[in-house]
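Enquirer: Structure provided below as structure tokens; questions to follow.
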């Protein structure tokens, strides 16, 4: 995938979801439960952070390249150069994979 | 389209949605999923920003001429000189296309 | 219509909706979509602005005489001297027509 | 009606709704629409104003003797000495009749 | 009724609702409408006031001995020494009877 | 019951609900109404208080040993050494029994 | 279980739920009621705390190694190296077991 020409607004990030197979390598399996279905993916673009009442933007806790776990039903799906991506808010991200 | 004679209030913007065909050129395809349908368009007018508790207006992150991706179901549809436009809040905009 | 003897409270305004025919003159047509139906009208009275936590009132962005576009389903309909008017909050106004 | 022995709390007011007939005199007719039904009445008692976070009470924009327009379905109906009254919050009042 | 051994928390009060008959004496009749049914009663205990963000407690506008009008469906019913009482928040009280 | 080895978080408390019989002794009977069912119990553990925006924790109004009245449907039921307990937030407590 | 390679965001924690059998040892039994089902588990990872308006992060009240009680239906289930874990917000934790 060529360099992404998308800049998310506020505290949004663009994530490239991983295939179910690739998750086995990292040791984390995300079961297909009925309760909630978190997914794993890599961050490919981040926004400038949420504008706070004080007028400054809150720094994001995640960066481009991070692998993260997020709720499957959050965000919006888009497709860039044939690649399926997801635009999420940082609050939809549950954890970073170290 | 002649110069737009509309001034949105607060953090609203006026967007001219692109046709589905034109999106192929920019390399971004927005699939027609059941979950949510983001759209792509060009900003033709912006408001002065949202009035914050401090009494100042928050500066918008987007400007006239920007191409943006936004949720299909947000905002209100209007028609100016035969052109279909959309009035959105900035928070309905997901990302800017660079 | 004689001078309006109504003073809206807070950030409310009184709007005289335009007939569908008159909107053609200004070049803006508001289509009758199922999603949302914005309307066009002229402001005939404005309130003092919303009382903020700081104790001052936020200045309104619209004034008597402005032509505005607003959501059809917001506000309350009243009738003064046989004229149908609408009392709206400023937040129900989408844009000013310049 | 003798002097009212009711003191509303916070930003509440007591209103004596006018009969439909009396509204014709003032030039304002409130149509019986299905969307919302504002009513007209005279304020007979006011509260001390809403206690704000700063610890002071916000001054009311209406006073005893004012004629106001308010949403029909807001507030609570009570009866004092055979007179039907309504206890409303100031935010339920749409406009003052000058 | 002996001295009440209950101390409400925050901005709650304990009210002894009056019987429908006793309300005639004070001149206020609370009709049994379908819309909402306010009730009249005497305050028998008050809380220390609501803890505000500033760390101080907001002073209550009502005191033990006050007769008040309140919404019938708010609060919780309890019984002390065979007497039916109601625990309400101050915000459920519409007005004080002078 | 031995010393309780539970420390509630924030403004939560652990309450040991009293049996219906024991409430007769204190003079307070909590009727089984359909509207809401408050219960009586003794506090056996308290949290450190709710963390406020200022960074300090709000002091609780109740302490271990207090007898309190609380809404029956709030909180979570747990069982420690065969004793049924309830974990509540302080805001679910209506009043303290003196 | 090897060292966990997950870093939760904000005020989230990762908890390893205990089996129903192990809870008997600590003396706390969590009954299977229909109202709500709290669970017991050990914290295996914690986030940096919630970012507050002041710009600092609120310190968590729990730490890695703590045994906690939490609502069964909160959070998201994931699986790491064959171990079922749960990602919760600190506010979903009811109490710490001392």
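Laboratory data are not the source of any read-out in this text; all were calculated from the coordinates shown. Quick caveat: nothing in here was measured; it's all calculated off a predicted structure. Cβ sites come from the backbone with ideal geometry, for glycine too, and all protein chains shown count toward neighbours.
Enquirer: For the modelled label position 7 Å from the Cα of residue E:52 along Cα-to-Cβ, which residues of region D:58-98 have backbone nitrogen atoms closer than 17 Å?
Expert: D:58-60
Enquirer: Taking 7 Å along the Cα-to-C-beta vector as the label spot, tell me the residue C:73-residue D:19 distance in nanometres, rounded to one decimal.
Expert: Result: 3.8 nm between the two label points.
Enquirer: Length gain on complete extension for the stretch residue G:83 to residue G:98, per 0.36 nm per residue less the alpha carbon to alpha carbon distance?
Expert: 3.0 nm
Enquirer: Right, here's the next one. Assuming a viscosity of 1.306 mPa s and a temperature of 10 °C, what translational diffusion coefficient in µm² per second does Stokes-Einstein assign to region F:42-98, Rh being the Kirkwood radius over Cα pairs?
Expert: D = 127 µm²/s.
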